[in-house]
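Only one structure is covered here, and it is reproduced in the block below.
The values are calculated or read from the model by the stated rules, or taken from the named source; none is laboratory data. Values in this document were obtained by computation on a predicted structure and should not be read as measured data. Note that we place each Cβ from the backbone using ideal geometry, even for glycine, and neighbour counts take in every protein chain shown.
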Amino acid sequence: MKRTMQTSLIALVFLSFFNFATSKFDIAKLTFETEVLDYGTVEQNSDGTRFFNFKNTGDEPLLITKVKTSCGCTVPAYSKEPIMPGKEGQLEINYDTKRLGNFTKTITVMSNAEEGNKILKIKGNVVAEK
């Protein structure tokens with residue numbers, strides 16, 4: 001009798017764990033078209049605005065809570081409104097093209113998405129105006 005109760009208890013714990021491990025958790029998922037934007041060669045003082053396009057491929061609303069850049073020469077703009085499942089959005093990046101030379105900058109996107117922080121990059125070369 002005691003062994004039967006132990007076996008039943010072990011089976012119950014195992015089934016509970018299996019059910020928990022295989023249950024579906026609803027999450028937001030942030031999927032970018034690209035994680036690196038290449039400006040190529042651009043002239044000094046030209047338009048430095050580019051866009052990272054993304055989609056919420058998860059099951060819950062996506063909320064971008066903060067976007068940090070690696071320097072003050074890169075300014076982000078993004079919607080503070082939730083992006084619903086299946087919907088798309090844009091992260092606007094404005095690089096200061098007054099600065100000459102090659103550049104590589106990082107943008108950290110913080111959100112409630114499954115993978116946590118997402119690191120994006122921009123790169124390019126600013127040449128003197130002709």
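Return the total of residues in the range 60-109 being in contact with a Lys or Arg (Cβ under 6 Å, 6 or more places away or on another chain) and within 15 Å of LYS29 (Cβ to Cβ).
2
Is it true that ASN53 is closer than 24 Å to ALA128 by Cα, in a strand (DSSP E or B) and polar (S, T, N, Q)?
Values: closer than 24 Å to ALA128 by Cα: no; in a strand (DSSP E or B): yes; polar (S, T, N, Q): yes.
So ASN53 fails the test.
Would you confirm whether or not the range 81-102 contains a residue that is modelled with pLDDT of 95 or more, part of a loop (DSSP other than H, G, I, E, B), closer than 19 Å to GLY124 by Cα and among the polar types (S, T, N, Q)?
Residues of the range 81-102 modelled with pLDDT of 95 or more: 81-98, 100-102.
With part of a loop (DSSP other than H, G, I, E, B) added as a condition, the list becomes 81-82, 84-87, 96-98, 100.
Okay, now just the ones that are also closer than 19 Å to GLY124 by Cα, so 96-98, 100.
Imposing the further condition that a residue be among the polar types (S, T, N, Q) reduces the set to 97.
Within the range 81-102, one or more residues are modelled with pLDDT of 95 or more, part of a loop (DSSP other than H, G, I, E, B), closer than 19 Å to GLY124 by Cα and among the polar types (S, T, N, Q).
What are the residue pairs meeting all of these: first residue in the range 59-79, first residue more than 17 Å from GLY116 (Cα to Cα), second residue modelled with pLDDT under 95, Cβ atoms under 7 Å, and 6 or more apart or on different chains?
Note: pairs meeting the criteria are CYS73/ARG99.
Residues to consider are ASP47, ASP26; find the one that is out of contact with any strand residue (DSSP E or B) (no Cβ under 6 Å at 6 or more places or on another chain), at pLDDT 95 or above and not aliphatic (A, V, I, L, M).
Details: ASP26 fails: at pLDDT 95 or above.
One residue alone meets the criteria, ASP47.
Keeping to the range 103-117, report how many residues are assigned to a strand (DSSP E or B) and either over 23 Å from GLU43 (Cβ atoms) or of a type outside the set (Val, Ile, Thr) (or both). Step through it out loud before you land on a result.
Taking the range 103-117 as the starting set, the residues that turn out to be assigned to a strand (DSSP E or B) are 103-111, 113.
Narrowing further to those that are either over 23 Å from GLU43 (Cβ atoms) or of a type outside the set (Val, Ile, Thr) (or both): 103, 105-106, 108-111, 113.
Residues in the range 103-117 being assigned to a strand (DSSP E or B) and either over 23 Å from GLU43 (Cβ atoms) or of a type outside the set (Val, Ile, Thr) (or both): 8 in total.
Checking the conditions here, which among THR65, THR57, THR34 is surrounded by 14 or more Cβ atoms within 10 Å (Cβ to Cβ) and either under 13 Å from the mean Cα position of the chain (by Cα) or modelled with pLDDT of 90 or more (or both)? Explain how you work it out, then say what you get.
Details: THR65 fails: surrounded by 14 or more Cβ atoms within 10 Å (Cβ to Cβ); THR34 fails: surrounded by 14 or more Cβ atoms within 10 Å (Cβ to Cβ).
Going through THR65, THR57, THR34 in turn, just one is surrounded by 14 or more Cβ atoms within 10 Å (Cβ to Cβ) and either under 13 Å from the mean Cα position of the chain (by Cα) or modelled with pLDDT of 90 or more (or both): THR57.
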